[in-house]
Structure formats: structure tokens, C-alpha cells
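See structure below.
The values are calculated or read from the model by the stated rules, or taken from the named source; none is laboratory data. Not measured: the values here are computed from a predicted model. All Cβ positions, glycine included, derive from the backbone under ideal geometry; neighbour counts span all protein chains shown.
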Amino acid sequence: MGAAPPAPAGLRFIRAPNASPLTLDGTRTYIVGRRRPAILDPGPELVPHLAALAAAVADAGSATILVTHDHPDHAPGATWLAARLGASVLAASAGTLGPGDVVETDAGRLVAVATPGHAADHLAFHWPAADAVFCGDLMLGGQDTALVAPPEGDLTEYLASLERLRALRPALIYPSHGEPFTDADAAIARYLRHREERQAQILSALAPGAATADLVMGRVYGAGLDPRLRAAAAGATLAYLQHLERVGRVRCLEGGRWTLA
Ligand SMILES: [Zn+2]
């Protein structure tokens, strides 16, 4: 294992103190640029974290706040920070940001990329000058999967978003949680492979006969599942079943049981 390559010039991050099984070591708020920076995902409204962000851009002429998606560990701090900095917030949920929109910084432009799947309004940010993508919650650092669960999550869209990310051919992927991926193409391939393997597991869990989503979850995730991740696993199982139904592999019966198609 060689040392991790240095971060691209103009990139900093500050981690919010909101570690949990789903947020890993906490939300990473990225700052791109110095004189005219963009601040990506201020995180929850934790004032010490937001004050640290404000201090980090104190010398900037103007700053822009970007939001990947409207989840509680990403977006709520934007309001406080915008007021403190006199900055504008660009977010899909506010109607101020959409796919293809370009945000200029002194470290290069950021381009918003539609990446639904984890959340319907999810945007990633492509940073061509650094050959990098900020992927929000599409991928989690150090893992091979991220949460996709209804009603917001949609596995069919998620798989298409991973392909869209791959088509950008980035060298680096910066997730909102966990360490960056320096093997971007291989990492995306691992994420896609994981989804294929899970789909196969869901199908074999239904091979003995029709079953409820809860029973399928038990068969796929097993007894070793961290109780704190149980709700996430139940949601993920439903996302697989809905995707497999859409592609004609399973059917939902009366009473909420699922069967092979
Ligand atoms: Zn999220």
C-alpha cells in the first residue's frame, strides 16, 4: 500500500461531529477554492462545525453553498452558514440548482450531475480541473454500498446514476462520508458488482417460495445484522424487490408477499 496521493490544490474539508453507523465518521464538508470558494454540504445545524466553516472561508471575497441532497446530515446547516457569510445556497430542493448547472470557483468550475437513487433530488458535482467528482451519498468511503431505500430511494435510478458517474471517468471520488476513492473506476465496478450479488441473493431467497419482504431480509442479511442497521436493511430489501419487479424478475402478491416471476 502506497501513501494516498495528495488532495488536489484548492481542496479542503472539515468533518462534522455527527458520526453514526450511517454517517460513518461524520459528514465531510468540502471547500473548493480560496478566494471564491464553493462549500459543499454544510451538514447538520451544529454551530461549532458551521463556525469552523465560516472561519475557513473568512478571507474569501464571496462564497457559494452547494447541497447534494436534502437530508438532515447534509443540508440544514446551509441556512445558518448562508446568513453568517452573506452567501447564496444552491440546492435542488430550493429550486436554485439543477443538472448541468455550473458553479465557478477560483479552483475551477463545478458541474451539477443528476444522480438520483439514494434521494430523488440528489446531485453530484463534477470538478473537471481536478479530475474529481463529489458524489454525496451515492457512494460511502471504504465501503462497497450506500443506502438506497424507498420511498426516496430507487435502485433502478441508483444503478443508472453509478453508470453516469462512471461515464465521467474521474480519477478521484470524494464521498460525503468516509475516505475518498483513489481507484474511482474500480470502486464504481465494486459498487455495481455488490448490487448484482445482492439481487442474486434476493432471488435465491425467494426460490423456496413466496415470502414477505421481512423474511427475505432475514434470509439475505442474516442474524449478524447490526440492530441499528435493521431499518436500513428493511428499506434496502424493498428497493431490491421493487427494482426486480420492474425488470420482470419478481411479482408482489396480495397481502404483500413476494414471489419469483
Ligand atoms: Zn443522504
Which listed residue is more than 16 Å from the ligand (Cβ to nearest atom) and either in contact (Cβ under 8 Å) with a residue 40 or more places away in the chain or under 20 Å from V57 (Cβ atoms) (or both), from L123, L110: L110
Total residues in the stretch 203-236, condition under 19 Å from L147 (Cβ atoms) and basic (K, R): 2
Residue satisfying condition, being under 28 Å from I39 (Cβ atoms) and not basic (K, R), within set E196, E163, E179: E179
Number of positions in the stretch 33-79 that are within 16 Å of the ligand (Cβ to nearest atom) and modelled with pLDDT under 95: 0
Failed item, numbered, when A16 is tested on (1) within 16 Å of the ligand (Cβ to nearest atom); (2) among the hydrophobic types (A, V, I, L, M, F, W, C); (3) farther than 22 Å from D137 by Cβ: (3)
Pairs, first assigned by TED's automatic domain parsing to the domain that holds G86 in the stretch 34-62, second in a helix (DSSP H, G or I) and among the aromatic types (F, W, Y), C-beta under 8 Å, six or more apart: P42/W80; E45/W80; V47/W80; L50/W80
Any hit, the stretch 67-90, residues being of a type in the set (S, T, Y) and surrounded by fewer than 20 Cβ atoms within 10 Å (Cβ to Cβ): yes
Residue count for the stretch 154-178, restricted to those that are touching a Leu at 6+ places or on another chain (Cβ under 9 Å) and at negative phi: 13
Breaking point among (1) hydrophobic (A, V, I, L, M, F, W, C); (2) touching a helix residue (DSSP H, G or I) at 6+ places or on another chain (Cβ under 6 Å); (3) closer than 28 Å to D214 by Cα, for A120: (2)
Residue within the stretch 122-135 that is surrounded by fewer than 17 Cβ atoms within 10 Å (Cβ to Cβ) and small (G, A, S) present: yes
Counted residues, the stretch 222-246 - those being surrounded by fewer than 11 Cβ atoms within 10 Å (Cβ to Cβ) and assigned to a loop (DSSP other than H, G, I, E, B): 4
Sole exception among (1) more than 14 Å from the ligand (Cβ to nearest atom); (2) modelled with pLDDT under 95; (3) crowded, with 16+ Cβ neighbours inside 10 Å; (4) not β-branched (V, I, T) for G142, by number: (3)
Matching residues in the stretch 93-121 - criterion: being among the charged types (D, E, K, R) and either surrounded by 21 or more Cβ atoms within 10 Å (Cβ to Cβ) or assigned to a loop (DSSP other than H, G, I, E, B) (or both): D101, D106, D121
Pair list, Cβ < 7 Å and 6+ apart or interchain, from the stretch 246-257 residues that are under 17 Å from A200 (Cβ atoms) to residues that are at pLDDT 95 or above and part of a helix (DSSP H, G or I): R246/T156; R249/L203; V250/L241; V250/L244
Residue within the stretch 80-92 that is within 16 Å of the ligand (Cβ to nearest atom), assigned to a strand (DSSP E or B), in contact with a Leu (Cβ under 8 Å, 6 or more places away or on another chain) and not small (G, A, S) present: no
In the stretch 166-198, the residues that are surrounded by fewer than 23 Cβ atoms within 10 Å (Cβ to Cβ) and assigned to a strand (DSSP E or B): L172
Hits in the stretch 126-139 - residues which are part of a strand (DSSP E or B) and more than 16 Å from the ligand (Cβ to nearest atom): H126, W127, A132, V133
